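Here's the structure, in structure tokens; my notes come after.
The values are calculated or read from the model by the stated rules, or taken from the named source; none is laboratory data. Please read these numbers as outputs of a predicted model, since none were measured by experiment. Methodologically, a virtual Cβ is constructed for each residue, glycine included, from the backbone with ideal geometry; neighbour enumeration extends over all protein chains shown.
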Amino acid sequence: MAAQNDARKVLAKLAHDLRNRVNTAQLNLEAAELIAGRLTGTEAERLLRHLRIVAGELSKLQAAVVQATEKL
């Protein structure tokens with residue numbers, strides 16, 4: 001029983017750390033999107049497209065972390 005509680009504590013800490021990392025990444029992504037939005041031309045469009053892909057993947061990761069946290 002103690003080992004199970006220890007494992008849950010470790011997983012809860014991991015989930016907390018992951019949430020913090022995801023939040024930091026999202027803030028940086030938003031800043032990059034703002035900067036890219038000021039650019040013009042084909043390169044800017046490509047950059048924005050890739051940033052949107054990253055944003056989508058971060059959202060999926062955040063949802064997975066939240067879901068895993070709720071199961072703890």
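Figures for the structure shown
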read-out: Residue count, region 34-61 (criterion: within 19 Å of the chain's Cα centre (by Cα) and either at pLDDT below 85 or of a type in the set (Ser, Thr, Tyr) (or both)); value: 1
read-out: Qualifying residue in region 13-27 (condition: touching a Ser or Thr at 6+ places or on another chain (Cβ under 8 Å) and in contact (Cβ under 8 Å) with a residue 60 or more places away in the chain); value: no
read-out: Residues satisfying the stated conditions in region 29-48, i.e. surrounded by 11 or more Cβ atoms within 10 Å (Cβ to Cβ) and in a helix (DSSP H, G or I); value: LEU29, GLU30, ALA32, GLU33, ILE35, ALA36, GLY37, ALA44, GLU45, ARG46, LEU47, LEU48
read-out: Residues of region 62-72 classified as surrounded by fewer than 15 Cβ atoms within 10 Å (Cβ to Cβ), in a helix (DSSP H, G or I) and of a type outside the set (Gly, Ala, Ser), total; value: 4
